[in-house]
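Working notes, beginning with the structure itself.
The values are calculated or read from the model by the stated rules, or taken from the named source; none is laboratory data. Please read these numbers as outputs of a predicted model, since none were measured by experiment. Cβ: placed from backbone, ideal geometry, glycine included. Neighbour counts: every protein chain shown. Heavy atoms of the whole protein, side chains included, go into the accessibility calculation; ligands, DNA and RNA do not. Shrake-Rupley method; radii C 1.70, N 1.55, O 1.52, S 1.80 Å.
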Amino acid sequence: MSFSEHDLESWSELVSSMHAVTAHDPADERLAYEAMANIWSGSGYQSYDSLSDAALRMLITATEIGYAAALKDIRNGDLDAEILGRRPDIADL
């Protein structure tokens, strides 16, 4: 599968826009960055050396979006029922 530089630029702009909309809190941005840095370094991201720096950065930013969105959902209580369903032992904490 191949893609053009134009494709990559378009995707990167979209991911950057999604990141700006999702990660409002600087603390969440830092947490997302640190978590994704750990995940990517632990996965041996060097094996993605066939990707350009721009493509790799786009993928890392996209994973940060997911982490920041999950933090927001947890803080808003949107996942409380699901979390308690999986971990009822923490209900009394």
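The table below gives the values:
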{"item": "Magnitude of the charge dipole, the chain, Cβ model with Lys/Arg +1 and Asp/Glu -1, debye to 20", "result": "180"}
{"item": "Around ASP73: net Lys/Arg minus Asp/Glu count, Cβ-Cβ under 10 Å", "result": "-1"}
{"item": "Fully extended contour minus Cα-Cα distance, from ALA70 to ALA37, at 0.36 nm per residue", "result": "10.2 nm"}
{"item": "Most to least accessible of TYR33, TYR67 (protein chains only, probe 1.4 Å)", "result": "TYR33, TYR67"}
{"item": "Value of [θ]222 nm, deg cm²/dmol, for the chain, DSSP H segments ≥ 4, -39500 (n - 2.57) each, nearest 500", "result": "-23500 deg cm²/dmol"}
